[in-house]
Amino acid sequence: MITVYGQCVAAFVFGTTVGVLVQRSRWCNTAALRDAMLFKSYRNTKALLVAMMILTVGFTAMISIGNGNPMRFDVGINQFIGLFLFGIGMVFAGACTVSSWVKTGEGNIGALWALLFLIVGLFLSSLVWSFSYWPLAGPSMTGRANAAGLQLGFADALTLQRDTGLPAIVFGVIQAGALYALYRRILRRERETLAMEGQEAAISVKKPALPTVGRAAPVANPAPTARDGLSTLGD
Amino acid sequence: MDFFKKSLDPIVALAIIAVLDIFLFLIVGAWTVGGGETMIAGLFVKSLVGAKEMNRIPFWHLVFKPTWAYWKIYISLGMGFGALVSAILSKEFYWRVPKHLSEWVMITIGGLLMGVGIRLSFVCNVSTFLGLTPEMNLGGYLAVSGLVIGAWVGTSVYKKLLEA
């Protein structure tokens, strides 16, 4: 059993490693969704899917042998509404929870501003909760469906294992397979786009060259195209 | 060091993070950011108004009791620290300030919406994609649906604003 102090040290070491790796790779969850939707650019999306595949197999394997600490709280319509608002917010702010910390560490004042207002939003919501007591939290969670509270109860790999008698890893492998199929689909789409761009380039090469006299000089720093993606808080 | 001279493939970075996250899952729980940020919000306001005033708000004694001994805080602080060290070593640290008023407005609204969203759903984007969903929690699927639709709506609005 790890002490509270040990938990905090482990979390700090993990967080520091994440900070270094995300800073070096420029990974961003916002870009993983936004750039895929807007520009069909999947650099961050592929990384997210790979992490999800590894974690699905890893977590369900641990759950199968009775290890790990899964999150335990009732779920309901509030998860959908909350993350819907979060999704809009992260695109507006140009950063998710990870990239706001990482960009703040890089000296980005916009990211620090986003973090400050995220904290304001959290506190304001705590005041609203103190009047409404919704969604159900803490001791009022029962783990069962509750129509009045718009709650569906609790279900995860552990309950699947208990209810079906099959090890959680079986379901984990199925989910990882579905994620892999999505990953393959993205790779195929990228190859198709590259092939199309290659054909267009070949056609333009066949065209007669224009006379060089009077042509504009090459621009040292060409303006970013749509395919370069949007800047994210001053990337 | 060579590591700080070139960029890292995000697939490699996220694969390493995922493996480390499995160990964290064994020790305390999966990687999450929203819980730590909620606790930071509580500690920040408590330092401003005092413990007595804070205890008058039911949320802060029924759901989250502000304490520094909460491991999730240190993931967030660690991410900021790690990025700072990495940015300095790679000579990429410099002050960046949004230039236009419109950027400040968008970031402010975005930050507020993220905060409200986290508190309403009890999860953030990290715990949605890299915690709940890999644990095959029903909440993960609901949250992913909400997040993807929300990001689509946000992107559509953002695109319209850019075009305008």
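Taking region A:28-43 on its own, how many of its residues are within 7 Å of another protein chain (Cβ to nearest Cβ) and open to solvent by less than 10 Å² (accessible area, probe 1.4 Å)? Quick ask: steps written out before the conclusion?
In the first step, residues of region A:28-43 are kept if they are within 7 Å of another protein chain (Cβ to nearest Cβ); the result is A:29, A:33-34, A:37-38, A:43.
Next, from what is left, pick out any that are open to solvent by less than 10 Å² (accessible area, probe 1.4 Å): A:29, A:34.
Count: 2.
In region B:88-112, which residues are under 14 Å from A:LEU116 (Cβ atoms) and either modelled with pLDDT under 95 or open to solvent by less than 40 Å² (accessible area, probe 1.4 Å) (or both)?
Of everything in region B:88-112, those that are under 14 Å from A:LEU116 (Cβ atoms) and either modelled with pLDDT under 95 or open to solvent by less than 40 Å² (accessible area, probe 1.4 Å) (or both) turn out to be B:PRO98, B:ILE107, B:THR108, B:GLY110, B:GLY111.
Run B:GLY115 past the list (1) closer than 23 Å to A:SER125 by Cα; (2) not in a helix (DSSP H, G or I) and report the number of the one that doesn't hold.
Evaluating B:GLY115 over (1) closer than 23 Å to A:SER125 by Cα; (2) not in a helix (DSSP H, G or I) leaves (2) as the failure.
What single numbered condition from (1) assigned to a helix (DSSP H, G or I); (2) closer than 25 Å to B:THR133 by Cβ; (3) at the interface with another protein chain (Cβ under 7 Å from one of its Cβ atoms) fails to hold for B:TRP60?
Only one criterion in (1) assigned to a helix (DSSP H, G or I); (2) closer than 25 Å to B:THR133 by Cβ; (3) at the interface with another protein chain (Cβ under 7 Å from one of its Cβ atoms) is unmet by B:TRP60, namely (2).
Return the total of residues in region B:1-58 being farther than 22 Å from B:ALA143 by Cβ, within 20 Å of the chain's Cα centre (by Cα) and small (Gly, Ala, Ser).
3
From the residues in region A:60-70 that are in contact (Cβ under 8 Å) with a residue 60 or more places away in the chain and either open to solvent by 40 Å² or more (accessible area, probe 1.4 Å) or of a type in the set (Ser, Thr, Tyr) (or both), which one is farthest from the other protein chains (Cβ to nearest Cβ)? Quick ask: steps written out before the conclusion?
Looking only at region A:60-70, we keep the residues that are in contact (Cβ under 8 Å) with a residue 60 or more places away in the chain, and these are A:60-61, A:63-64, A:70.
Pick out the ones that are also either open to solvent by 40 Å² or more (accessible area, probe 1.4 Å) or of a type in the set (Ser, Thr, Tyr) (or both) and you get A:60, A:64.
Numbers: A:THR60: 7, A:SER64: 12 Å.
Only one residue fits best here, namely A:SER64.
Going through region A:71-106 one residue at a time, which ones are of a type in the set (D, E, K, R) and either more than 7 Å from chain B (Cβ to nearest Cβ) or open to solvent by 10 Å² or more (accessible area, probe 1.4 Å) (or both)? Before the answer, list the steps.
From region A:71-106, those of a type in the set (D, E, K, R) are A:72, A:74, A:103, A:106; that's our starting set.
Answer for region A:71-106, where residues must be of a type in the set (D, E, K, R) and either more than 7 Å from chain B (Cβ to nearest Cβ) or open to solvent by 10 Å² or more (accessible area, probe 1.4 Å) (or both): A:ARG72, A:ASP74, A:LYS103.
Return the residue satisfying two criteria in turn: it lies in region A:1-42 and is of a type outside the set (S, T, N, Q) and assigned to a loop (DSSP other than H, G, I, E, B), and of such residues it is nearest to B:LEU89 (Cα to Cα). It would help to see each step written out before you state the result.
Keep residues of region A:1-42 that are of a type outside the set (S, T, N, Q), which gives A:1-2, A:4-6, A:8-15, A:18-22, A:24, A:26-28, A:31-40, A:42.
Going one step further and asking which of them are assigned to a loop (DSSP other than H, G, I, E, B), we end up with A:1-2, A:26-28, A:40, A:42.
Details: A:MET1: 36, A:ILE2: 33, A:ARG26: 15, A:TRP27: 18, A:CYS28: 21, A:LYS40: 33, A:TYR42: 28 Å.
For region A:1-42, the residue satisfying everything is A:ARG26.
Identify the single condition in (1) at the interface with another protein chain (Cβ under 7 Å from one of its Cβ atoms); (2) buried (at least 22 other Cβ atoms within 10 Å of the Cβ) that A:PHE12 does not satisfy, given that it satisfies every other one.
(2)
Residues checked against (1) open to solvent by less than 10 Å² (accessible area, probe 1.4 Å); (2) more than 7 Å from chain A (Cβ to nearest Cβ); (3) touching a helix residue (DSSP H, G or I) at 6+ places or on another chain (Cβ under 7 Å):
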| site | (1), (2), (3) |
| --- | --- |
| B:GLY117 | yes, no, yes |
| B:LEU120 | no, no, yes |
| B:ASN125 | yes, no, yes |
| B:GLY131 | yes, no, no |
| B:GLY140 | yes, yes, yes |
| B:SER145 | no, no, yes |
| B:VAL148 | no, no, yes |
| B:THR155 | yes, no, yes |
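Give all pairs with beta carbons closer than 6 Å in which a residue from region B:1-21 that is within 7 Å of chain A (Cβ to nearest Cβ) meets a residue that is modelled with pLDDT under 95 and not in a helix (DSSP H, G or I); count only pairs at least 6 apart in sequence or on separate chains.
Correct list of pairs: empty, since none qualify.
Among the residues of region A:107-121, which ones are open to solvent by 10 Å² or more (accessible area, probe 1.4 Å) and touching a strand residue (DSSP E or B) at 6+ places or on another chain (Cβ under 7 Å)?
Scanning region A:107-121 gives a single hit, A:ILE109.
So, in region B:63-97, of the ones that are in contact (Cβ under 8 Å) with a residue 60 or more places away in the chain and closer than 23 Å to A:THR97 by Cβ, which residue ends up nearest to the other protein chains (Cβ to nearest Cβ)?
Among those residues, the one meeting the criterion is B:SER86.
Sort out which residues of region B:40-56 are at the interface with another protein chain (Cβ under 10 Å from one of its Cβ atoms), in a helix (DSSP H, G or I) and not aliphatic (A, V, I, L, M), and write them in order of number.
Those that are at the interface with another protein chain (Cβ under 10 Å from one of its Cβ atoms), in a helix (DSSP H, G or I) and not aliphatic (A, V, I, L, M): B:GLY42, B:PHE44.
From the list B:VAL97, B:VAL157, B:VAL144, B:VAL148, which one is of a type in the set (Val, Ile, Thr) and farther than 25 Å from A:VAL22 by Cα? Steps first, answer last, please.
On the way: B:VAL97 fails: farther than 25 Å from A:VAL22 by Cα; B:VAL144 fails: farther than 25 Å from A:VAL22 by Cα; B:VAL148 fails: farther than 25 Å from A:VAL22 by Cα.
Result: B:VAL157 is the single residue among B:VAL97, B:VAL157, B:VAL144, B:VAL148 that is of a type in the set (Val, Ile, Thr) and farther than 25 Å from A:VAL22 by Cα.
So which residues in region A:128-181 are surrounded by fewer than 17 Cβ atoms within 10 Å (Cβ to Cβ), touching a strand residue (DSSP E or B) at 6+ places or on another chain (Cβ under 9 Å) and farther than 19 Å from B:THR133 by Cα?
Correct list: A:THR142, A:ARG144, A:ALA145, A:ASN146, A:LEU150.
Looking at (1) more than 7 Å from every other protein chain (Cβ to nearest Cβ); (2) open to solvent by less than 10 Å² (accessible area, probe 1.4 Å), which one does B:VAL33 not meet, given that it meets all the others?
B:VAL33 satisfies all of (1) more than 7 Å from every other protein chain (Cβ to nearest Cβ); (2) open to solvent by less than 10 Å² (accessible area, probe 1.4 Å) except (1).
The values are calculated or read from the model by the stated rules, or taken from the named source; none is laboratory data. Worth saying up front: this structure is predicted, and the values here are computed from it rather than measured. Heads up, the Cβs are rebuilt from the backbone with ideal geometry, glycines too, and the neighbour counts pull from every protein chain shown. SASA here: full protein model, heavy atoms, side chains in, ligands and nucleic acids out. Shrake-Rupley method; radii C 1.70, N 1.55, O 1.52, S 1.80 Å.
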